[in-house]
1. For the range 81-99, which residues satisfy the criterion of being modelled with pLDDT under 95 and not in a loop (DSSP other than H, G, I, E, B)?
2. Cβ-Cβ below 7 Å, separation at least six or inter-chain, first residue in the range 78-92 and hydrophobic (A, V, I, L, M, F, W, C), second part of a helix (DSSP H, G or I): which pairs?
3. Can you name the residue in the range 49-90 that is within 13 Å of the ligand (Cβ to nearest atom) and of a type in the set (Asp, Glu) and, of all such residues, is surrounded by the most Cβ atoms within 10 Å (Cβ to Cβ)?
Amino acid sequence: MHEPALFAPGGQEPVARIECRGGRRFAWLYRIDLAKPKIPMTFAKEAALDNAMAVRQTCPGPCGRRYFHCLPLKTLGSCLECYDGTPADPATYPAPPARHLLAA
Ligand SMILES: [Zn+2]
C-alpha cells in the first residue's frame, strides 16, 4: 500500500500516522522541530537584535522613555529632553504606558 504524502514539511518522513474511523480518515504526524528548524533561530536572532536596539533607544535619564530612534548615548548620555530640556517630539516615542489609550 502506498499513500502519497501531500504535505511533507522539510521533506522528512512522517514519524507516525493517526487513523480514526476504522482507517477511513488519517493524518500524518511530523516532528515539528524537524519541520521548522529556522523559526526558533530567527526568533532568537530578532529577540537579541531587539534587546540591542532597546539599549540604544531607551533613555537612561529621568524620562526613561524608549524612542523609535537611537539616542546619542555616547555624546549626551540621554535623550535631548533629559540632557538640556528640549521637549521630545511625541512622535518619536510611544505614548506613555500609564495613559489609557482607549479612554475617551
Ligand atoms: Zn530622557
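1. Within the range 81-99, Pro90, Ala91, Thr92 qualify.
2. Correct list of pairs: Ala88/Leu80; Ala88/Glu81.
3. Ranking the qualifying residues of the range 49-90, first place goes to Glu81.
The values are calculated or read from the model by the stated rules, or taken from the named source; none is laboratory data. It should be emphasised that the depicted structure is a prediction, and the values quoted were computed from it without experimental measurement. Ideal geometry is used to build each Cβ from the backbone, glycine not excepted, and the neighbour counts take in all protein chains shown.
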